[in-house]
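Chemist: A single structure is presented below for examination.
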Amino acid sequence: MGKGSGGWDMTMKTTTRHGLNRHLVGLLAGLAIASQCAFSQQVMDDPTQEVEELSELSLETLMDIDVTSVSKKKEKLQDAPAAIDVLTHADLQKSGVRTLPEALRLVPGVEVQQLDRNRWAVSIRGFNGAFSDKLLVLLDGRTLYTPLFGGTFWNQQIVPIENIERIEVIRGPGATLWGANAVNGVINIITMNARDTQGGLVKTIYGTHDLETVLRYGLQVGEDAWLRVHGNWFHRDDFADASGNDYHDDWNAVQGGARLDWAISDVDSLTVLVDGYRGRAEQRSLRSSLVAPYLAAFDDRIRIAGANVLARWTRELDDDGSFTLQAYWDHTVRKEPVLSHRLDTFDIDFQHRLKLGEDNELIWGVGYRLLSDNTDGSPTISFEPAARNDQVFSAFVQDDLELVEDRLHLIVGSKFEHNDYSGFEVQPGLRLLWTPSARTTVWGAVSRSVKVPQRSDQDLTVLSGTTFIPGGPPVVTRISSTHRARTEEIVSYELGWRFRPEDNLSLQMSLFYNDYEHLSTNEVGAPFFDPGGALIAPVTFGNGAKGETYGFEVSVEWRPFPQWSLAASYSFLDIALHERGSTDPLAEDAEGASPHHRAQLRSNLDIADNLTFSTLIFWNDSIPARDIPSLLRVDLNLIWSPWEDFTLAAGVRNLLDDRHPEFEDILGRGRSEVERSFYISAEYRF
Amino acid sequence: MSHDAPQRHRLPTPTPRLRILVVAVGVWLALISHPPTAAGGAGVPTDGTEGETQREYRLKAAFIYRICQYVTLPSSNLPPGSKTYVIGLVGPDPYGAALDALAGKKSSGGRVVQIQRFRTVKAIRNCQVLIASPRLSDADLRAVLNKARAMKAFTISDASNFAAKGGMIALEIRKKKLRFDVNLGAAKKSSITISARLLKLADTVIRAKGVH
């Protein structure tokens with residue numbers, strides 16, 4: 001929903017272009033120091049970690065590794081020409097997180113600010129908000145964003161953390177391969193292969209704000225077929241407002257699913273996923289109306305439900321190629337008191353990877369998506385037409401050309417897409433990957449991506465706020481997106497560097513500059529009186545802003561001893577927006593809606609064979625546009641396995657204060673504060 | 001919850017910590033006195049040949065773990081309720097810590113992998129997988145295979161011609177890559193099933209019942 005309108009203060013631009021130069025110099029100096037430092041140190045070997053990583057690879061991959069240079073090929077990440085980070089299963093288990101947004105908080109450079117107990121603002125490289133719309137989120141290949149506004153309803157995405165194998169996060173545009181909305185980043189959540197979750201698991205969590213039970217069982221159902229079924233129930237208790245009263249934002253859900261992994265033949269494999277959930281989330285809402293009292297607060301109950309089925313068939317071809325055919329159907333229901341939404345998504349994708357020569361690899365694919373939805377609105381919010389069928393046709397091609405053997409790759413490609421809102425879209429990208437040594441990777445990229453208009457950009461009518469002027473009539477803002485909103489366009493320039501001086505030390509840096517055109521704005525028209533006594537301020541969507549963002553992310557992973565691992569990161573972001581003939585008082589609001597500085601430190605210490613202590617420290621700068629002071633947050637977890645199959649854990653989240661606000665909803669629903677919470681958990685495997 | 005990265009070592013004594021601290025301070029001082037001139041990628045840390053051997057065995061350890069997931073053992077060796085999956089190594093040990101790194105990982109049946117080392121043939125205890133050291137004499141190797149057959153354990157080794165000598169899977173380095181041969185007859189004799197997927201990847205599959 002673009003940007004709302006209301007009475008927020010404008011933010012000053014605090015950083016100039018000179019800032020960029022200064023940061024660049026700092027970055028280069030840091031780069032040089034780090035590389036020197038690495039060469040001066042003694043080689044520290046960590047066989048445990050290396051075998052750990054190798055044993056995650058397939059037999060085919062292992063057989064492809066040159067025994068004299070294992071470390072060269074074992075890490076595909078090292079060769080990725082993008083700012084990519086991966087959270088592993090072990091990272092997640094040790095962190096004690098229970099929800100996807102909390103897991104994403106662990107990834108360097110991802111902006112996660114909790115709005116209330118069941119809502120989060122999640123973004124990468126700016127433009128954060130409850131309705132942030134420039135991020136593509138996938139779970140096992142299924143797109144999670146809602147076509148209503150192009151963002152993700154996080155309280156509708158339920159996965160037991162125990163089932164997640166890894167979360168890959170690409171900061172920056174991923175549009176060439178992934179498509180529209182992968183403007184500022186791609187989040188790819190991958191659950192474990194059923195073969196790796198054999199046997200039973202019972203886990204229960206009891207805490208001041210969490211009650212949760214996870215049941216899972218995996219079995220072999222054929223010579224090369226494995227099946228897993230799981231169930232999950234949780235209740236997450238309310239946070240409080242600034243004075244300590246219940247905010248009425250609790251969240252309950254029950255979820256279940258199954259996964260089948262079947263190696264049909266030597267070259268064919270099939271994965272089938274089934275998932276279903278039903279739940280309830282409480283939310284405070286502030287509703288405007290054209291009759292007295294014109295504005296009122298409600299504690300809403302939102303019903304969520306959904307079911308989906310996905311099947312993926314992969315065939316390995318001779319000559320190192322492969323193809324994948326994937327189809328899914330996803331049904332979601334969301335019932336808010338003022339708006340109900342039912343959505344059916346049918347999606348089919350085909351992808352083919354082939355070698356065109358010794359030094360040339362081509363990937364191409366085609367896809368089709370049908371979105372069929374039905375809304376049931378109210379005087380507060382409605383969509384016209386109420387029901388809609390939309391189709392998206394897409395194709396992509398990407399070629400990886402090895403210009404200099406083992407040293408220099410050129411990756412060029414484009415996504416082509418046709419959608420019912422903006423028509424034909426092209427999103428090309430060009431990447432250069434230089435690996436001067438097996439341990440150093442330098443990459444650069446220029447890409448164009450788009451954020452296509454969503455349903456909310458063209459079909460929405462909403463009473464988005466009421467302003468009371470002393471002595472005057474109440475002013476109700478009414479957004480009607482009758483205007484055909486345009487596509488937002490982004491050209492990104494990126495530079496990255498990855499370096500692994502030792503087996504136990506790795507560094508990553510990325511630098512970016514994004515140029516945005518036609519950013520969505522709210523255009524205010526001439527006010528007029530409504531028969532109900534209110535003055536209506538009519539707002540339509542426009543594309544009256546442009547802007548630039550730039551910044552960098554630095555992260556270090558270090559394992560000084562086999563028992564102790566550390567991950568630290570820092571990111572800097574600056575946003576400069578410029579209204580271009582827009583009447584939107586908030587056209588430049590996003591400038592102050594993301595912190596400039598963000599840092600985190602994670603430590604996992606294995607005190608004994610069966611005892612692990614993890615510390616998570618997050619820090620971010622203030623968020624002036626949302627009146628949020630700078631935040632320091634510490635989470636601690638202690639994990640103890642008294643017996644092989646039995647694990648106990650205890651932890652505290654937000655140790656340092658009773659409660660603090662992390663963000664504020666632009667719709668002005670008041671604010672919920674994140675409270676300190678404690679939990680204990682027990683897990684039994686059989 | 002720390003199943004994924006079990007550690008068998010105690011915390012290091014303060015001495016190495018102190019040494020690292022001293023090294024770090026030294027590096028820092030060196031940097032201050034010699035300002036860096038190049039930005040990254042100025043050279044490659046060299047890998048000695050001893051490093052290569054270590055690497056080879058790390059790869060082999062990971063490979064053995066992966067292979068075990070495609071091998072089904074008879075219930076006489078692996079009763080349905082059992083919770084551990086013992087990988088034993090008999091004879092002189094070239095794997096070292098690489099093999100220990102597998103301990104605590106899960107087998108395909110959800111059991112916890114344990115590592116045991118048997119110095120002599122006599123010392124061999126009940127286990128699911130028996131890795132024969134490449135440095136065993138032929139006579140010892142025969143004895144090991146007899147013992148393995150008696151307890152219906154899966155046998156794997158990088159000893160030369162291991163498959164031909166009656167072992168189930170022989171690891172070989174060919175053209176600097178890891179390859180393997182399968183003796184299906186030997187596996188069948190111990191009621192062990194080897195997945196078709198694995199057979200497809202093998203260089204050679206000995207199907208005859210010929211076991212020496």
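The values are calculated or read from the model by the stated rules, or taken from the named source; none is laboratory data. Everything numeric in this text was worked out from a predicted model, so none of it was measured. All Cβ positions, even for glycine, are placed from backbone atoms using ideal geometry, and neighbour counts span all protein chains on display. SASA here: full protein model, heavy atoms, side chains in, ligands and nucleic acids out. Shrake-Rupley method; radii C 1.70, N 1.55, O 1.52, S 1.80 Å.
Chemist: A:Val254 versus (1) more than 29 Å from A:Asp330 (Cβ to Cβ); (2) touching a residue at least 24 places away in the same chain (Cβ under 8 Å): which is the lone unmet condition?
Modeler: (1)
Chemist: Can you find even one residue in segment A:100-107 that is without any contact (Cβ under 8 Å) to a residue 24 or more places away in the chain, more than 14 Å from every other protein chain (Cβ to nearest Cβ) and more than 26 Å from A:Gly547 (Cβ to Cβ)?
Modeler: Yes - at least one qualifying residue is present in segment A:100-107.
Chemist: Ok, one more. For segment A:467-476, state whether one or more residues are more than 14 Å from chain B (Cβ to nearest Cβ) and closer than 30 Å to A:Glu111 by Cα. If you could, list the steps in order and put the result at the bottom.
Modeler: Step one: filter segment A:467-476 for residues more than 14 Å from chain B (Cβ to nearest Cβ), giving A:467-476.
Cutting the leftovers down to closer than 30 Å to A:Glu111 by Cα gives us none.
Scanning segment A:467-476, I find no residue that is more than 14 Å from chain B (Cβ to nearest Cβ) and closer than 30 Å to A:Glu111 by Cα, so the answer is no.
Chemist: Taking B:Gly91 as the residue in question, decide whether it is buried (at least 22 other Cβ atoms within 10 Å of the Cβ) and either among the small types (Gly, Ala, Ser) or at pLDDT below 90 (or both). Steps first, answer last, please.
Modeler: Values: buried (at least 22 other Cβ atoms within 10 Å of the Cβ): yes; either among the small types (Gly, Ala, Ser) or at pLDDT below 90 (or both): yes.
Answer is yes for this residue.
Chemist: Examine segment A:286-302 for a residue that is under 30 Å from the mean Cα position of the chain (by Cα), within 30 Å of A:Arg369 (Cβ to Cβ) and open to solvent by less than 50 Å² (accessible area, probe 1.4 Å), and state whether such a residue exists.
Modeler: Looking for residues that are under 30 Å from the mean Cα position of the chain (by Cα), within 30 Å of A:Arg369 (Cβ to Cβ) and open to solvent by less than 50 Å² (accessible area, probe 1.4 Å), one finds at least one in segment A:286-302, hence yes.
Chemist: Against the definition (over 27 Å from A:Thr612 (Cα atoms) and in a strand (DSSP E or B)), how does A:Val86 come out, yes or no? Walk me through it before giving the result.
Modeler: Values: over 27 Å from A:Thr612 (Cα atoms): no; in a strand (DSSP E or B): yes.
Spelling it out, it is not the case that A:Val86 is over 27 Å from A:Thr612 (Cα atoms) and in a strand (DSSP E or B).
Chemist: Restricted to segment B:175-195, and to residues that are at the interface with chain A (Cβ under 10 Å from one of its Cβ atoms) and farther than 22 Å from A:Ala263 by Cα, which residue is most open to solvent (accessible area, probe 1.4 Å)?
Modeler: The extreme case among them is B:Lys175.
Chemist: Take segment B:135-151 and flag every residue that is open to solvent by 60 Å² or more (accessible area, probe 1.4 Å) and either within 18 Å of B:Thr53 (Cα to Cα) or not small (Gly, Ala, Ser) (or both).
Modeler: B:Arg135, B:Asp138, B:Asp140, B:Arg142, B:Asn146, B:Lys147, B:Arg149
Chemist: Residue under question is A:Asn155, and the condition is that it be in a helix (DSSP H, G or I) and of a type outside the set (Val, Ile, Thr); does it hold?
Modeler: Numbers: in a helix (DSSP H, G or I): yes; of a type outside the set (Val, Ile, Thr): yes.
Considered against the rule, which asks whether it is in a helix (DSSP H, G or I) and of a type outside the set (Val, Ile, Thr), A:Asn155 comes out as yes.
Chemist: For segment A:140-164, which positions are at positive phi and open to solvent by 10 Å² or more (accessible area, probe 1.4 Å)? Reasoning before the result, please.
Modeler: Quick first cut of segment A:140-164, residues at positive phi only: A:140-141, A:150.
If the condition is that a residue be at positive phi and open to solvent by 10 Å² or more (accessible area, probe 1.4 Å), then A:Asp140, A:Gly141 are the ones that fit.
Chemist: Follow-up question, since we're still on this one. As an exercise: evaluate B:Gly110 against (1) touching a residue at least 24 places away in the same chain (Cβ under 8 Å); (2) open to solvent by less than 20 Å² (accessible area, probe 1.4 Å); (3) within 14 Å of chain A (Cβ to nearest Cβ) and give the number of the one condition it does not meet.
Modeler: (1)
Chemist: Here's another thing I want to ask about it. For the subset of segment A:451-478 comprising residues that are among the aliphatic types (A, V, I, L, M) and modelled with pLDDT under 90, which member is surrounded by the fewest Cβ atoms within 10 Å (Cβ to Cβ)? Before you say what the answer is, go through the steps one by one.
Modeler: Going through segment A:451-478, the residues among the aliphatic types (A, V, I, L, M) turn out to be A:452, A:460, A:462-463, A:469, A:475-476.
After this cut, where a residue has to be modelled with pLDDT under 90 as well, the list is A:452, A:469.
On the way: A:Val452: 23, A:Ile469: 9.
Filtering first and then ranking leaves A:Ile469.
Chemist: Moving on to the next point. Which condition number does A:Asp376 fail, the rest of (1) closer than 30 Å to A:Arg287 by Cα; (2) free of Cβ contacts under 8 Å to residues at least 40 places away in the same chain; (3) open to solvent by less than 50 Å² (accessible area, probe 1.4 Å) being met?
Modeler: (3)
Chemist: Answer yes or no: is there a residue in segment A:36-51 that is modelled with pLDDT under 80, closer than 26 Å to A:Arg407 by Cα and more than 13 Å from chain B (Cβ to nearest Cβ).
Modeler: No, because not a single residue in segment A:36-51 is modelled with pLDDT under 80, closer than 26 Å to A:Arg407 by Cα and more than 13 Å from chain B (Cβ to nearest Cβ).
Chemist: Would you mind listing the strands (runs of 3 or more DSSP E) fully within segment A:99-139 where at least 1 residues are touching a strand residue (DSSP E or B) at 6+ places or on another chain (Cβ under 6 Å), small (Gly, Ala, Ser) and at negative phi?
Modeler: Details: elements: A:110-116, A:119-124, A:135-139.
Because the criterion is at least 1 residues that are touching a strand residue (DSSP E or B) at 6+ places or on another chain (Cβ under 6 Å), small (Gly, Ala, Ser) and at negative phi, the strands (runs of 3 or more DSSP E) in segment A:99-139 that meet it are A:119-124.
Chemist: Here are some residues: A:Ile628, A:Ile607. Which one is farther than 22 Å from A:Ser677 by Cα and out of contact with any Cys (no Cβ under 9 Å at 6 or more places or on another chain)? Give the steps one after another, and end with the answer.
Modeler: Values: A:Ile628 fails: farther than 22 Å from A:Ser677 by Cα.
Result: A:Ile607 is the single residue among A:Ile628, A:Ile607 that is farther than 22 Å from A:Ser677 by Cα and out of contact with any Cys (no Cβ under 9 Å at 6 or more places or on another chain).
Chemist: Considering segment B:57-77 alone, what residues qualify as being under 22 Å from A:Val221 (Cβ atoms), touching a residue at least 60 places away in the same chain (Cβ under 8 Å) and more than 9 Å from chain A (Cβ to nearest Cβ)? Before you say what the answer is, go through the steps one by one.
Modeler: Quick first cut of segment B:57-77, residues under 22 Å from A:Val221 (Cβ atoms) only: B:66-75, B:77.
Next cut, touching a residue at least 60 places away in the same chain (Cβ under 8 Å) only: B:67-68, B:70-74, B:77.
Once the filter is applied, which keeps residues that are under 22 Å from A:Val221 (Cβ atoms), touching a residue at least 60 places away in the same chain (Cβ under 8 Å) and more than 9 Å from chain A (Cβ to nearest Cβ), segment B:57-77 yields B:Cys68, B:Val71, B:Leu73, B:Pro74, B:Asn77.
Chemist: Restricting the search to segment A:642-658, which residues are open to solvent by 20 Å² or more (accessible area, probe 1.4 Å) and either within 14 Å of chain B (Cβ to nearest Cβ) or not charged (D, E, K, R) (or both)? Explain how you work it out, then say what you get.
Modeler: Taking segment A:642-658 as the starting set, the residues that turn out to be open to solvent by 20 Å² or more (accessible area, probe 1.4 Å) are A:642-646, A:648, A:650, A:653, A:655-658.
If the condition is that a residue be open to solvent by 20 Å² or more (accessible area, probe 1.4 Å) and either within 14 Å of chain B (Cβ to nearest Cβ) or not charged (D, E, K, R) (or both), then A:Pro642, A:Trp643, A:Glu644, A:Asp645, A:Phe646, A:Leu648, A:Ala650, A:Leu655, A:Leu656 are the ones that fit.
Chemist: Which one is most open to solvent (accessible area, probe 1.4 Å), of the residues in segment A:241-253 that are touching a Lys or Arg at 6+ places or on another chain (Cβ under 6 Å) and in a strand (DSSP E or B)?
Modeler: A:Asn252
Chemist: Sticking with this structure for a sec: Considering A:Glu675, A:Glu662, which residue is more than 14 Å from chain B (Cβ to nearest Cβ) and open to solvent by less than 10 Å² (accessible area, probe 1.4 Å)?
Modeler: Working: A:Glu675 fails: open to solvent by less than 10 Å² (accessible area, probe 1.4 Å).
Every option except A:Glu662 fails the conditions.
Chemist: Filter segment A:421-441 for residues that are surrounded by fewer than 20 Cβ atoms within 10 Å (Cβ to Cβ) and hydrophobic (A, V, I, L, M, F, W, C); which is farthest from A:Ile84 (Cα to Cα)?
Modeler: Across segment A:421-441, the extreme among qualifying residues is A:Phe424.
Chemist: Here's another thing I want to ask about it. Determine if segment A:493-504 includes at least one residue that is more than 30 Å from B:Arg58 (Cα to Cα), away from chain B (no Cβ under 14 Å), over 23 Å from the mean Cα position of the chain (by Cα) and open to solvent by 20 Å² or more (accessible area, probe 1.4 Å).
Modeler: no
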